[in-house]
Every structure is written in structure tokens, then in C-alpha cells.
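Shown next, in C-alpha cells, is the structure this report addresses.
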Amino acid sequence: MALLSGLEPWLFNLIMGLLIVATMAFGSIVLVKARISPIWVFLLLIPYVGLIGLWLFAYARWPRFDPQRDKPR
């Protein structure tokens with residue numbers, strides 16, 4: 001944050017907003033490729049919940065490698 005501390009407040013807010021939008025956009029692309037609803041990307045906005053969501057996503061069953069998940073019962 002020391003690098004951005006000398007900026008005008010509007011420019012700082014613009015940069016932070018763009019970083020948040022980019023993180024959510026790339027996160028939703030990853031979720032769509034994993035066949036998971038992109039709505040889950042909103043967990044990234046909540047501190048620590050996003051980290052737990054990322055951990056759960058990493059250890060979830062992957063449809064590409066688990067063909068039984070996609071089969072109807």
C-alpha cells in the first residue's frame with residue numbers, strides 16, 4: 001500500500017475497483033470452466049470467506065475427472 005499512498009483518492013479508488021473487477025472476472029471464468037456457477041465468485045468479496053471458498057474449490061470433486069458426477073441417477 002505504500003506504493004499507492006501518494007495517489008489522489010479518486011485514482012486510488014479507481015485502481016482498487018479495477019483490481020476487484022478483474023479478480024472477479026477471472027474467478028468467474030475459472031468457475032465456468034470448472035462447471036460451477038459463477039455466482040460463487042462473490043465469496044471473494046468477504047474477507048477470509050474467500051480464502052475458505054478457494055480451499056473448498058481446490059478440494060472439490062472435479063466433473064472432468066469424476067464422470068459419475070455428471071450421470072443422472
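The values are calculated or read from the model by the stated rules, or taken from the named source; none is laboratory data. Predicted model only: the values in this text are computed from it and were never measured. With ideal geometry, Cβ positions are generated from the backbone for all residues, glycine too; neighbour counts draw on all protein chains shown.
Listed here are the residues, each with its yes/no results for (1) surrounded by fewer than 11 Cβ atoms within 10 Å (Cβ to Cβ); (2) in a loop (DSSP other than H, G, I, E, B); (3) out of contact with any helix residue (DSSP H, G or I) (no Cβ under 6 Å at 6 or more places or on another chain).
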{"residue": "L3", "(1), (2), (3)": "yes, yes, yes"}
{"residue": "M16", "(1), (2), (3)": "no, no, yes"}
{"residue": "A25", "(1), (2), (3)": "no, no, yes"}
{"residue": "S28", "(1), (2), (3)": "no, no, no"}
{"residue": "I36", "(1), (2), (3)": "no, yes, yes"}
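For G50, the requirement of being of a type outside the set (A, V, I, L, M) and at pLDDT 90 or above is not met.
Of the residues F65, F12, F57, the single one that is at pLDDT below 90, in a helix (DSSP H, G or I), among the hydrophobic types (A, V, I, L, M, F, W, C) and over 11 Å from the mean Cα position of the chain (by Cα) is F12.
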